[in-house]
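Report on one structure; see the data block that follows.
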Amino acid sequence: MARLGILFFDGPYQAQASETVVKLANAALDKGHEVHIFCYMDAVNAVLENQKKVEGIFNIEEGFREILDKGATVRLCNLCLLVRGTVKNCLKKECGDVKRAGTPDLAKIIEETDRLVAIC
Amino acid sequence: MARLGILFFDGPYQAQASETVVKLANAALDKGHEVHIFCYMDAVNAVLENQKKVEGIFNIEEGFREILDKGATVRLCNLCLLVRGTVKNCLKKECGDVKRAGTPDLAKIIEETDRLVAIC
Amino acid sequence: MTKKVLYFITSEDITGVKLAMEHTDEDDVTILLLQNAVYFANKSNKEVTQAINQNKKVAACEEHVNIRGLSKFISEKVKLVKSDDVVDLIFENDSIINF
Amino acid sequence: MTKKVLYFITSEDITGVKLAMEHTDEDDVTILLLQNAVYFANKSNKEVTQAINQNKKVAACEEHVNIRGLSKFISEKVKLVKSDDVVDLIFENDSIINF
Amino acid sequence: MSEEKNVVILLRKPPHGTLYPVEGLRMSVAVSADFDPITIAINEGVYTFLKDTDKTMYSMHIEFLKNIGLDIYVDKKSLDALGLTKDDLVEDVEVKEHGDILKLIENSTVTIPF
Amino acid sequence: MSEEKNVVILLRKPPHGTLYPVEGLRMSVAVSADFDPITIAINEGVYTFLKDTDKTMYSMHIEFLKNIGLDIYVDKKSLDALGLTKDDLVEDVEVKEHGDILKLIENSTVTIPF
């Protein structure tokens with residue numbers, strides 16, 4: 001089994017990236033791989049609580065809860081959260097291995113995974 | 001004096017749009033015009049509380065507080081806020097005429113202003 | 001009466017400039033570039049150069065040009081305007097094509 | 001030993017495809033299109049058509065092609081892959097050029 | 001003043017990579033309460049109306065506009081550039097020559113891009 | 001495994017319209033703790049290093065990379081396309097022929113676009 005790193009930049013709903021991240025992570029986890037995700041820039045907003053379910057729209061919060069539950073790790077660029085005012089709204093550690101982090105943590109993900117993909 | 005409508009789509013920091021909106025609104029208000037802003041899609045995130053001040057970065061929350069203080073009206077697409085989970089984080093009515101709204105409110109802005117610009 | 005039309009271009013999509021150039025000559029057209037669209041004002045850009053050669057009015061937001069360090073790369077025929085002037089341009093024109 | 005390289009293209013920027021086509025023939029190159037980059041797989045796209053003519057391997061995410069209703073507009077030589085296969089492609093290759 | 005305003009909603013981005021086409025159509029529907037907006041698809045925005053595209057999120061908007069008699073126009077020049085034809089699109093839209101599309105935009109009081 | 005990884009940070013968007021170039025450079029700095037990332041500007045990303053561009057938000061990153069001996073390369077072909085020359089750029093970057101830029105990307109284990 002191998003280790004996959006995923007980096008992305010976009011917030012939820014406006015762009016497809018966060019949905020692609022969830023689906024790719026699910027596919028990798030289901031095959032028994034490790035998945036380590038870094039949310040950079042607007043991507044930190046993909047992991048906020050209280051995203052309302054709307055019919056026909058893929059709910060990104062649920063997607064992240066599912067992959068966290070399956071063991072994915074999610075790191076959130078702390079500075080990105082701070083400037084956006086959304087620090088207190090992120091999914092909590094009860095959901096799994098989700099943490100605020102710094103850019104050096106992406107270096108760590110690059111080092112400790114076998115492959116890194118960026119979803120633009 | 002005239003009435004300016006402004007529509008935008010992007011959240012703060014990743015893109016320049018929200019900064020442009022604030023500066024254009026300020027210039028119009030300082031000339032004595034009315035300014036009516038509609039925040040659509042990610043743009044609703046431009047009006048969140050607790051955006052941390054970082055040196056060298058234009059603080060969007062402060063910008064919006066300033067133009068609200070000068071009399072701008074700000075309408076936030078309610079559905080956009082709901083799906084993003086940020087309904088409770090918006091600037092409150094103590095800051096000025098800022099309200100959740102529906103897309104018909106943009107129609108109203110188009111009807112009741114002399115010109116509408118979209119900041120992409 | 002001649003209609004005054006403002007192409008208000010804030011996105012990096014050259015289509016806005018192209019549409020402005022195709023706009024009927026009966027109207028009085030101004031192309032206003034803001035945000036990353038000011039990069040189109042670089043002399044190397046063939047669409048904006050052509051618009052200038054066709055005597056279309058081209059303006060660019062001075063602040064957005066300056067923070068990008070572009071002033072020496074753009075034609076003298078591009079009018080640099082301040083936020084103040086942008087507001088005036090918006091109201092002086094009869095219709096706004098946003099892009 | 002031949003290096004296997006994956007161009008992992010998720011953005012609507014054709015430069016990724018161009019870089020893949022310029023990649024040295026010594027390596028075994030695959031171009032994988034996802035999200036709106038799957039529109040590049042439309043037969044009318046000259047870069048991807050050229051890549052196919054040069055016998056480059058081109059794949060596209062099947063789900064992303066299908067929700068866009070594109071299947072009948074793309075070349076038979078574009079391999080449609082499922083999320084599962086995308087994961088395998090990522091690990092089968094030695095290096096990943098994201099774009 | 002409102003009855004004099006010609007509003008054009010311009011769809012320029014393809015569906016599914018971003019929400020822009022969906023939100024543009026939603027805006028057309030909303031604006032139709034006060035105006036008669038004209039919806040126009042250009043460039044890759046024309047992909048919005050491919051027959052086989054998943055329209056779960058916006059078929060009701062197309063339907064709504066059709067039911068109240070508002071037109072959706074597609075730029076033929078953009079279609080040609082993408083190797084598409086009228087037959088590839090749903091029947092609820094009308095393909096127009098580029099010159100006619102230009103006239104609609106020229107006659108607008110405000111054009112809003114999505 | 002880490003010492004074998006060649007990381008390329010690719011700047012492809014121009015500054016000030018988006019934060020991408022700033023965040024790309026910040027990432028180069030961060031990644032430099034564990035790797036020797038190569039920073040490359042192509043297409044409109046080359047505008048990031050214009051002499052007169054306001055670099056308040058990223059001059060410290062350019063400085064940092066220079067001080068630890070990491071290179072920033074600019075694609076000459078992209079410069080040419082924009083009518084720019086080496087002299088228009090800050091001295092801390094090195095202009096390279098397109099072929100050399102391609103080789104750097106080809107030799108990367110991972111290329112990350114900004």
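Numbers below:
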{"quantity": "Inter-chain shielding of C:52-62 (mean C-beta neighbours from other protein chains, 10 Å cut-off)", "calculated": "0"}
{"quantity": "Loop GluC sites (Glu not before Pro), chain D, which have at most 14 other Cβ atoms in a 10 Å radius of their Cβ (DSSP)", "calculated": "D:E26, D:E76"}
{"quantity": "Magnitude of the charge dipole, region E:7-113, Cβ model with Lys/Arg +1 and Asp/Glu -1, debye to 20", "calculated": "200"}
{"quantity": "Nearest-20 debye value, chain A charge dipole, Cβ charges on Lys, Arg, Asp, Glu", "calculated": "260"}
{"quantity": "Inter-centroid distance (Cα atoms) of region E:19-55 relative to region D:29-92, Å", "calculated": "27"}
{"quantity": "Longest exposed-site-free window of chain A, the sites being GluC sites (Glu not before Pro) in a DSSP loop that have at most 15 other C-beta atoms within 10 Å", "calculated": "A:56-120"}
{"quantity": "Residues with amide H under 5 Å from that of F:L89, placed H, sequence gap 5 or more", "calculated": "F:K51"}
{"quantity": "Region A:1-65: trypsin sites (Lys or Arg not before Pro) falling in loop per DSSP and having at most 13 other Cβ within 10 Å", "calculated": "A:K53"}
{"quantity": "Helix-only CD estimate at 222 nm, as mean residue ellipticity for chain D, using -39500 (n - 2.57) per DSSP H run (n ≥ 4)", "calculated": "-8500 deg cm²/dmol"}
{"quantity": "Sorted by Cβ density within 10 Å, fewest first, the residues F:T18, E:T48, A:T86", "calculated": "F:T18, A:T86, E:T48"}
{"quantity": "Rounded, prolate or oblate (a/c below 1.5 giving rounded, otherwise prolate when a/b exceeds b/c) for the protein assembly as shown by Cα gyration tensor", "calculated": "rounded"}
{"quantity": "Cα gyration tensor, region D:35-99 - rounded (a/c under 1.5), prolate or oblate", "calculated": "oblate"}
{"quantity": "For chain E, built as a Gaussian network whose Cα springs stay under 10 Å, the top-fluctuating residue of E:V95, E:V31, E:V22", "calculated": "E:V31"}
{"quantity": "Fewest-first ranking of B:S18, F:S78, using other Cβ atoms within 10 Å as the exposure measure", "calculated": "F:S78, B:S18"}
{"quantity": "Length-normalised contact order of chain B in % [C-alpha pairs under 8 Å, at least 6 apart]", "calculated": "35"}
{"quantity": "Amide H partners (placed H, <5 Å) of D:L80, local residues excluded", "calculated": "D:A60"}
{"quantity": "Cβ-based exposure ranking for C:Y7, E:Y73, in which fewest neighbours within 10 Å come first", "calculated": "E:Y73, C:Y7"}
{"quantity": "Selection from B:V54, B:C95, B:M1, by position along the positive dipole direction of chain B (Cβ)", "calculated": "B:C95"}
{"quantity": "Dipole magnitude of the protein assembly as shown, debye to nearest 20 (Cβ charges: Lys/Arg +1, Asp/Glu -1, about Cα centre)", "calculated": "640"}
{"quantity": "Spacing of the two label points (7 Å from each Cα toward its C-beta) at A:N50 and C:E76, in nm", "calculated": "5.8"}
{"quantity": "Under Karplus coefficients 6.51, -1.76 and 1.60, residue-wise ³J(HN,Hα) of region C:86-99 in Hz, glycine/proline x", "calculated": "4, 4, 4, 4, 4, 7, 5, 8, 7, 9, 10, 9, 7, 8"}
{"quantity": "Dipole of region F:54-114, positive end: most advanced residue of F:S78, F:F64, F:I105 [Cβ charges, Cα centre]", "calculated": "F:I105"}
{"quantity": "Computed helical MRE - 222 nm, chain E, DSSP H runs ≥ 4 contributing -39500 (n - 2.57), nearest 500", "calculated": "-9000 deg cm²/dmol"}
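Just so you know, all these numbers are worked out from the coordinates, no wet-lab data involved. This is a predicted model, so every value here is computed, not measured. Methodologically, a virtual Cβ is constructed for each residue, glycine included, from the backbone with ideal geometry; neighbour enumeration extends over all protein chains shown.
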